[in-house]
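Structure record follows, encoded as structure tokens.
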Amino acid sequence: MKKIIIAADHGAVVLKNQIISFLKTKNCETRDMGVNNEDPADYPDIALKACREFNAGGYEFGILLCGTGIGMSLAANKVRGIRCAVVHDLFTAEMAKAHNNANFIAFGGRVNYSVAVTDMIDRFMNTTFSGDRHERRVARIAEIEKKEC
Ligand code: RB5
């Protein structure tokens, strides 16, 4: 069974619950790292907690949610080993896996998407990493992380 980690700030609690219900229908085990109410919460702290848990191992990928997906993604990408992609349609959902081998995807609870977030997640989950030249490029990202962070 695929194990997926999910976390949100106050800007995406409703979306988080929708995604958790969707993942249940896909027979995935979801680790919900909060938050579960709309009291203002600082997304960098939530992203860090979720990324550390992901790096502890055993997860297929992670989903981070805030008002836009941007803040969560910026914070997550500071954590060693994390490649978090802000996804906004089916094409970017597919490319995030096929070309970037993202291990986190981020969405916004306040964004009006033209396609359902659950469809984007489904596309991401059903795409495989293309490898080859993309393997080299993703490895370069890791090299930058090693040198610069
Ligand atoms: C919180 O108001 C909002 O700034 C946050 O959810 C997120 O959109 C940041 O990128």
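Read-outs throughout are calculated quantities, based only on the coordinates presented, and are distinct from any laboratory measurement. Owing to the predicted nature of the structure, the values given are computational and were not obtained by experimental measurement. We place every Cβ from the backbone using ideal geometry, glycine too, and count neighbours over all the protein chains shown.
Grab the other residues whose beta carbon is less than 13 angstrom from that of residue 79, score K and R as +1, D and E as -1, and report the net. Don't skip to the end; give the middle numbers.
Details: positive: 49, 52, 78, 80, 83; negative: 45, 53, 145.
Computed value for this residue: +2.
Considering only 87, 141, 20, whose Cα is most displaced toward the positive end of the charge dipole of the chain, charges sitting on Cβ of Lys, Arg (+1) and Asp, Glu (-1)?
Projecting each Cα onto the dipole axis, the largest value belongs to 141.
For the range 18-71, what Kirkwood radius comes out of the mean inverse Cα-Cα distance, in Å? Mind dumping the intermediate values first?
Working: mean 1/r = 0.0808 Å⁻¹.
Averaging 1/r across every pair of different Cα atoms and inverting gives 12.4 Å.
Listing 22, 124, 107 from the residue with the fewest other Cβ atoms within 10 Å to the one with the most, what is the order? Each step should come with its number before you reach the end.
On the way: 22 17, 124 22, 107 27.
Result, fewest neighbours first: 22, 124, 107.
Mean shadow of the chain, computed from the convex hull of its alpha carbons, in nm²?
Values: hull surface 32.9 nm².
Its Cα hull, projected and averaged over all orientations, spans 8.2 nm².
Calculate, in nm to one decimal, what residue 21 and residue 137 gain on full extension: separation in residues at 0.36 nm each, minus their alpha carbon distance. Walk me through the numbers on the way to the answer.
Working: separation 116, 0.36 × 116 = 41.76 nm, distance 3.46 nm.
Answer, rounded to one decimal: 38.3 nm.
For the chain, what does the relative contact order come out to in percent, with C-alpha contacts under 8 Å and a separation of six or more?
On the way: 272 pairs, mean separation 34.5, N = 149.
RCO, the chain: 23 percent.
Whole Å is fine, so just give me how far the alpha carbon centre of the range 1-29 lies from that of the range 83-140.
That distance is 16 Å.
Round to the nearest 0.05 the FRET efficiency obtained for residue 114 and residue 144 when R0 = 22 Å and r is the Cβ-Cβ distance.
Details: r = 33 Å, r/R0 = 1.48.
The value I calculate is 0.10.
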